[in-house]
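Read-outs: derived from the displayed coordinates by stated rules, not from any lab. The model shown is predicted, which means the values in this text are computed figures rather than measured ones. Here the Cβ positions follow ideal geometry from the backbone for every residue, glycine too, while neighbour counts run over all protein chains shown.
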Amino acid sequence: MGRSNFSLLGLLFLVSSCGGQPKERTGPPILVVGMDGLEWSVLDPLLRQGRLPAFSSLISRGVAGSIRTTQPTFSPVLWTTMATGVGPAEHGIHHFFEASLEGRLLEPSSPLPYSSNCRKVPALWNLAGQEGLDSLSVAWWVSWPAEEVAHGRVVASYAAQAQGNLLWKAGVWTKSLPRLTWPDALEDEVLPYLKRGEPAGPLRAEYNNLFGLVPGKEGWEFPAGRDAFFRFSFHGDRTHYGIMRDQLSREIADLNMVYFGLADVAGHFFWRYRQPGAYRYPIPSEHVEVLGDRIDRAYEVLDGWLAGLLKEVGEDCLVMVVSDHGMHAANLKNPRHPQSGAHEDAPDGVLILAGPGVDPVGTLPFGKRQMGSIFAVAPTVLDWLGVGVPDYMEGKPLRRWMTAMWREANPEVGGKDYRSGFRKPTRPRTPTDGASATFLESMKEIGYVDSEN
Ligand SMILES: [Zn+2]
């Protein structure tokens, strides 16, 4: 290699890594808590019963309503839309696996799960870095391999763990993956949490205490997978909660984001036990007795994690709790379908905004809850950061939920086109040999990929 190549590489490295000069912000930090599949029909009664104190107090100092979503309601697609402000045609993540925009798998027999390098446009953490702001992102979908982010900390997503052997929204690696974190040194702080999250580790007992054990096989026609997937999901989320809280206690960034999948997974597997009357087949009462409260308990667990995160960031923080879609009873005639709660028809999700400058109007009245769409998530975060919203983003910031005083003090500024100069997308990366095949099997098992494919 000639000398000129070497210096060109050096230059490329500088361009890609330095981002904007570090900027001192005067505004409050921002916390975005992504909760997959959070649903008002579950949230509402629990709030009334006083079972969700953290949600309640957050809502009382802000506004809560619903958020429109789009199809397909695949997690990688929607969470990437929220992180980029554009839809799948623009961001390039069309499915769990490499697929056409219409959802046809590019390589049906051995599809590769999307990874962060496939994304065609910058995500919020990239944008913050370009503006000289610091960021923390934990477990956001399609964030493996952890990208090099200026002024950023990234702990890569579930997708990587799934690829790396375990499951959908699930499980944890005890030995880490290549490129699990950015910067690399962050891995040392993350590893103890991964260790604790391993299947036979201490989280096992924590799960058993919270959700109980499913009685042994005798007399029970219960597919063990429903419990196993949920258990792994808990291990994953609980691990990410621990990592997020630890990182916040070390340093609160300008923009802090974390993702939890528990409400969605609980909804998929346990809806029939929570609302047995909705189904056209009988559901044994002893199943309802043991499993009927699991979704509600998952929400209580999420409430506890929300409380912990809010404690770290304090009240002088702009907070957004957002779900990518709601859920409801589904597959009403098929007792064998793994999913008895679903969201393919794109029911509205939940949106809560709170903190300095948010109009404290509380929960919007039923029938008037619509606050915006998932395309407004990235623009709103940028607006809160004091960064102009680029024209290429489809949504507008949700300024109507801010006080008039805040809007006056924080005028909208013009946005830049952050796409120019962003690295080119490349084909999916796989952390280990055979990882994609394992992931594919788990997706078939829960009915997200046609077994006939
Ligand atoms: Zn789901």
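What the table shows:
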read-out	value
Electrostatic dipole magnitude of the range 297-364 [Cβ: Lys, Arg +1; Asp, Glu -1; Cα centre; debye, to 20]	440
Peptide ranges 400-409, 381-390, 106-115, 79-88 listed from the most packed, as the mean C-beta count within 10 angstrom indicates	79-88, 381-390, 106-115, 400-409
Size of electric dipole in the range 301-417: Cβ of Lys, Arg +1 and of Asp, Glu -1, about Cα centre, debye, nearest 20	380
Span-rule helices in the chain, defined as complete DSSP H runs reaching 30 Å or more along the axis (Cα) with Kyte mean at least -1.0	224-250
Options Trp125, Val377, Asn410, ranked by Cα towards positive dipole end of the range 22-445, top entry (Cβ charges)	Val377
Dipole of the range 22-445 [Lys/Arg +1, Asp/Glu -1 at C-beta], most positive-end residue of Trp144, Leu101, Leu248	Leu101
Bridge type composition, the range 22-445 - antiparallel percent by DSSP, nearest 5	40
Listed residue pairs exceeding 24 Å between alpha carbons, taken from Lys23/Lys416; Lys120/Lys416; Lys120/Lys311	Lys120/Lys311
Relative contact order, percent, the range 22-445 [alpha-carbon distance under 8 Å, six or more residues apart]	29
Prolate/oblate/rounded call for the chain, Cα gyration tensor, a/c under 1.5 rounded	oblate
Amide H partners (placed H, <5 Å) of Thr363, local residues excluded	Ala64
Computed magnitude of the charge dipole of the chain (debye, nearest 20; Cβ of K, R +1, Cβ of D, E -1)	200
For the chain, calculated [θ]222 nm from helices alone, where every DSSP H run of n ≥ 4 adds -39500 (n - 2.57)	-11500 deg cm²/dmol
Local electrostatic count, Trp182, Cβ distance below 9 Å [Lys/Arg +1, Asp/Glu -1]	-1
